[in-house]
Amino acid sequence: MNAPLPATRLPAVRGWRWIVEGWHLFMCKPLTWIVFTVITWLFVKSSAAHPLLMAAASVVLPVLLGGWSTAIRAAEAGKSVPVNMLFSGFRERFGDLSAIGAVSLMGNVMLWLVMFALVGDLLTEAVTRPESLSPEQAQELQSRMSVALVIMLALGVPLAMAVWFAPLLVALDGLRTPQALLSSLRGILRSALAFTVYTAVLAIVAWLLYSVAAALGLSRPASIEFAFWLLMPLLVTSVYAGYRDMFRAAPEPAPADEAPSAD
């Protein structure tokens, strides 16, 4: 069984560098990453037809992210990146990659069950018949919501940290699911300031994209979707940059007889 991969403690400024390096990685093969994004979007969009499909998609999504990371490493090393490399996770390490998705799915389901158990009855009453909610019930709902929010943050944030780098650690380093999750969690905790800066910058960029979409007249859900998918290539490449920086993963050199390919 693989041991957790040690991570380097990084200063806060490195979080900004992940964005910059992610942009450089995006510009290496922009057309390829746009095609990858469109395929991923079609996959996620088609799963919205049924809740079971959505659950299956959430399990399979880390498999696609494993393919993304393999392709980014190949592009960084100057190798060609065929479109079918996006699906390389279905051929290699599928079990561990899909297990990451299963852990994420089950964790989020448990969080929502906790939320419903704490506020479900009063929240349903407030949504369906708000006029029947007494001041005492409204105050109790607010109190329960506060407790539920604290619990969801206390459990949800570590879960998100554990999942963040896990697909890359499986696809690129061959770790098993438990070690990949633990390595990701430990790595982010060791470089918490850098990760905070990184997520803050991403949040600002996402807000700017959302504002542009809203100014163009898109609805709120459409604006959120627009911002997310437009940001998707930079998100994945910057995650790779953070992984490489944090876990000191060196890119593979390109073979001498293989010339770097251009988009």
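How much space per residue, in cubic angstrom, does the convex hull of the C-alpha atoms of the chain take up?
Value for the chain: 157 Å³ per residue.
Compared with the dominant principal axis of the Cα atoms in the chain, helix 192-215 is inclined by about 70°. Any idea what angle helix 94-128 forms with the longest principal axis of the chain, computed on alpha-carbon atoms, 0 to 90 degrees, nearest 10? In the chain, helix 94-128 runs at an angle near 20 degrees to the longest axis.
Among V35, V59, V103, which one shows the highest mean-square fluctuation when the chain is modelled as a Gaussian network with alpha-carbon springs under 10 Å? Comparing V35, V59, V103 in a Gaussian network model of the chain, the most mobile one is V35. Seen against the Cα atoms of the chain and their longest principal axis, helix 30-47 is set at about 40 degrees.
Return the single residue from P11, P135, P30 with maximal mean-square fluctuation; model: Gaussian network over the chain, springs between Cα atoms under 10 Å. Comparing P11, P135, P30 in the GNM, the peak value goes to P135.
If the chain linking L189 and W23 were pulled fully straight, counting 0.36 nm for each residue of separation and taking away their Cα-Cα distance, it would gain 57.3 nm. Rounded to the nearest 20 debye, the dipole magnitude of the chain is 480 debye, with +1 charges on Lys and Arg beta carbons, -1 on Asp and Glu beta carbons, and the Cα centre as origin.
Read the figures in this text as sums done on the coordinates, not as results from a lab. Nothing here was measured: the structure is a model prediction, and the numbers come from that model. Virtual Cβ from ideal backbone geometry, glycine too; neighbours counted across all protein chains shown.
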